[in-house]
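Shown next, in structure tokens, is the structure this report addresses.
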Amino acid sequence: MASHWSATTSLVLFGAWLTVACGSDDTEAASPVDMNAPADMSAGAAPETASNPLEPNGDNEAVASGSGREGQPTNAELAPPSMPSLPPAVGGGSPAEAGAPVPSSGCGSAAAVASGRFTIDVEGTPRDYILELPDGYDSARPYRLIFGWHPRGGTAEQVANGFGGGFYGLERLAEGSAVFVSPEGIDEGWANPGGRDIAFLDAMLGRFDAELCIDQSRIFSTGFSYGGMMSLAVGCARGDVFRAIAPMSGALYSGCEDGADPIAMLGFHGVDDTVVPLADGVTGRDVFVERNGCEPEASAVEADGCLSFRGCAEGAPVTWCEFDGGHTPAPESAQPIWAFFSQF
């Protein structure tokens, strides 16, 4: 790609007119997180057989800027960007016209629900997550459901309250229109051996369907590093459940189950990433380029460091943005991620 994405210039994200308000909060790049991922890692290896480079080896804990503890926010405070209106995309892959919500079984329930940390049993293993309901939660209103996955060495708390205000900056942009979930990884990561973390996801989805009022047609996933990898694994395994994913600096290290369901994708990756090589991120991207029936990269439309793929299945656009930087959350990415999710 001849140019790299900049949040201060216009970019082609997807096939619809979208306006991004100037002055909204967004995410600055975080300090690098050392995960020691080798460049020759086979990105497509299944989790049960791969030697996962992001698993702990005694040397690769994520350390916060100015802190010696893992799992603290990595200096990702939000800064107000200057974002222009986004132009319409060229070619296929435009989002399908937004349909009516698909209410979950929990809509209309009189059962008391609340935000907080919860535990759920997954095949005999207790797993934790943080649930954040909007202020004034209405059990008769189907809400978007957004999962935010933490990086290697991070925590659910980091995603819920760090990264500049919560859930990679998306919570404040949602303005009460979404329920957010931050799951807790085993050993501070998402190795997903034998589909362990996908089983955790399924258990949470089952509980939320029964207890909360969510829109089953508008479920989304995002995350940085290992969180981006988990988002890719979610897209691979549950394309029939999730509407879109937005991985940042991800790869297929959490595995990728075979599937055929198209799913919208917006991906970000730093061109100087020495922890999760750019090539591994591209390999993950191309799974969805193929699955969504998009035309090859040679025909994609480039603008400001982002590629908008042509010919994708209706409602399943794929956009890929490379930025100048290393292994960090994409700079000022909250606004374009929210715009991508909220178009559906």
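The values are calculated or read from the model by the stated rules, or taken from the named source; none is laboratory data. If you're wondering where the values come from, they're calculated on a predicted model, not measured in any experiment. Because the Cβ atoms are built from the backbone with ideal geometry, glycine has one as well, and the counts that use them run over all protein chains shown.
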Filter the stretch 143-171 for residues that are touching an Asp or Glu at 6+ places or on another chain (Cβ under 8 Å) and at pLDDT below 95; the one that is farthest from ARG117 (Cα to Cα) is GLY164
Filtering the stretch 186-215 down to residues that are touching a helix residue (DSSP H, G or I) at 6+ places or on another chain (Cβ under 6 Å) and free of Cβ contacts under 8 Å to residues at least 40 places away in the same chain yields none
Taking the stretch 158-179 and keeping residues in contact (Cβ under 8 Å) with a residue 40 or more places away in the chain and part of a loop (DSSP other than H, G, I, E, B) leaves GLY162, PHE163, GLY164, GLY165, GLY176, SER177
Given the conditions (1) within 18 Å of PHE340 (Cα to Cα); (2) modelled with pLDDT under 95, every one holds for ASP258 apart from (1)
Log entry, pairs with first residue in the stretch 244-267 being over 9 Å from LEU232 (Cβ atoms) and part of a loop (DSSP other than H, G, I, E, B), second being among the acidic types (Asp, Glu) and modelled with pLDDT of 95 or more, beta carbons closer than 7 Å, six or more apart or on different chains, reads SER249/ASP273; ASP261/ASP240
Pairing a residue in the stretch 217-243 that is without any contact (Cβ under 8 Å) to a residue 40 or more places away in the chain with any residue that is in a strand (DSSP E or B), where Cβ atoms lie under 7 Å and the two sit 6 or more apart in sequence or on different chains, gives VAL241/ILE219; PHE242/ILE219; PHE242/PHE220; PHE242/SER221
Restricted to the stretch 110-132 and to residues being touching a residue at least 60 places away in the same chain (Cβ under 8 Å) and in a loop (DSSP other than H, G, I, E, B), the residue nearest to ASP187 (Cα to Cα) is GLU123
Of the conditions (1) part of a helix (DSSP H, G or I); (2) in contact with a Gly (Cβ under 6 Å, 6 or more places away or on another chain), the single one that SER182 does not satisfy is (1)
